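The values are calculated or read from the model by the stated rules, or taken from the named source; none is laboratory data. The structure presented is a predicted model; accordingly, all values stated were derived computationally and were not measured. Glycine also receives a Cβ, built like all others from the backbone with ideal geometry; neighbour counts cover every protein chain displayed.
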Amino acid sequence: MSRLGREFFARDTLTVARELLGQRLVRVIEGQRLSGRIVETEAYIGEEDAACHASVGRTPRTKVMYGPPGQAYVYFIYGMHHCLNVVTEREGFPAAVLIRAIEPEEGLEVMRANRPGRPNVELTNGPAKLCQALRIDRRLNGVDLCTSDELFLEGAETVSEAHIVATPRVGVRGDEAALNAPWRFYMPSRPEEPGQGAFCAPLRGG
DNA sequence: TATACGATCACCT
DNA sequence: GGTGATCGTATAC
């Protein structure tokens, strides 16, 4: 299985956000692989994007987004949740892709243990949920996904444009441009086997 | 030093 | 569909 390298992330953020759909997010804990296919992403692009954390400029919190592509930007929000982003574009330009949902593949039992009492479909169908299921927190902020042994991405599947839906981003504030930009991407579920297929859409939206 | 609020989730009705 | 949890950030004083 081939790991996604620097050149994958060093591109236009919207391209990376679309092409991350279908790829495999891998978390290794004590030698065990937890993984899943990415099924929903959002792009956050530059200081001019009012919804992007970097719209306030370079701060201790946002500095990772200004760094080289391929790093993990993990932030803490609402006093209890973590979200995982992948830094994109050239070093010095702040941009990233938020991983909003994955469909579990390996390590399902561990994910269940990390989110006790939740049905399978709710293990990783949200940005904070997948971080809880995969035990991702700020200790992984700034980790290089191109070289890390505990968090990385594997090339798995190419999803054609025809199978991708774009909508405005979830829960963002800001100006009209930020509210209207169709920078959320996901794969619609297959009607013949909702929630059962190799891929499924997020429950919300769409 | 103090304050307001957020790229969410879970639980309630 | 409404709301409380809970604390790191940014910003204002």
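Reported count of residues in the stretch A:88-145, each being within 20 Å of A:E19 (Cβ to Cβ) and among the hydrophobic types (A, V, I, L, M, F, W, C), is 10. A Cβ distance below 9 Å, combined with a sequence gap of six or more or placement on separate chains, defines the contacts here; from the stretch A:122-139, residues that are within 11 Å of A:C83 (Cβ to Cβ) and within 14 Å of DNA strand C (Cβ to nearest atom) reach residues that are aromatic (F, W, Y) and part of a loop (DSSP other than H, G, I, E, B) in the pairs A:A128/A:Y78. Scanning the stretch A:31-67 for residues that are away from DNA strand B (no atom under 11 Å from the Cβ) and in contact with a His (Cβ under 9 Å, 6 or more places away or on another chain) returns a single hit, A:T59. Across the stretch A:104-121, the qualifying residues are those that are free of Cβ contacts under 8 Å to residues at least 40 places away in the same chain and part of a loop (DSSP other than H, G, I, E, B), and the one among them that is nearest to A:Y75 (Cα to Cα) is A:R115. The listed residues are A:A50, A:A17, A:A72, A:A54, and the only one of them that is touching a Pro at 6+ places or on another chain (Cβ under 6 Å) and either modelled with pLDDT of 95 or more or among the hydroxyl-bearing types (S, T, Y) (or both) turns out to be A:A54.
Apart from one condition, A:Y186 fits all of (1) over 14 Å from the mean Cα position of the chain (by Cα); (2) away from DNA strand B (no atom under 12 Å from the Cβ); (3) surrounded by 18 or more Cβ atoms within 10 Å (Cβ to Cβ); (4) not β-branched (V, I, T); the exception is (1). Just one of the listed residues (A:T158, A:T124) is closer than 18 Å to A:E40 by Cα, surrounded by 15 or more Cβ atoms within 10 Å (Cβ to Cβ) and polar (S, T, N, Q), and it is A:T124. Confirm whether A:V87 is buried (at least 20 other Cβ atoms within 10 Å of the Cβ), within 13 Å of the chain's Cα centre (by Cα), of a type in the set (A, V, I, L, M, F, W, C) and more than 14 Å from DNA strand C (Cβ to nearest atom). Yes, satisfied. Taking first residues from the stretch A:165-186 that are assigned to a loop (DSSP other than H, G, I, E, B) and partners that are within 16 Å of DNA strand C (Cβ to nearest atom) and charged (D, E, K, R), no Cβ contact under 6 Å between residues at least 6 apart in sequence or on separate chains turns up. At pLDDT 95 or above and either outside any loop (DSSP other than H, G, I, E, B) or closer than 24 Å to A:Y78 by Cβ (or both), is that true of A:L153? In short, yes. For the stretch A:115-150, the tally of residues that are aliphatic (A, V, I, L, M), more than 9 Å from DNA strand B (Cβ to nearest atom) and more than 13 Å from A:G36 (Cβ to Cβ) stands at 3. Summed over the stretch A:90-103, the residues that are out of contact with any helix residue (DSSP H, G or I) (no Cβ under 7 Å at 6 or more places or on another chain) and either within 16 Å of DNA strand C (Cβ to nearest atom) or not in a loop (DSSP other than H, G, I, E, B) (or both) give a count of 1.
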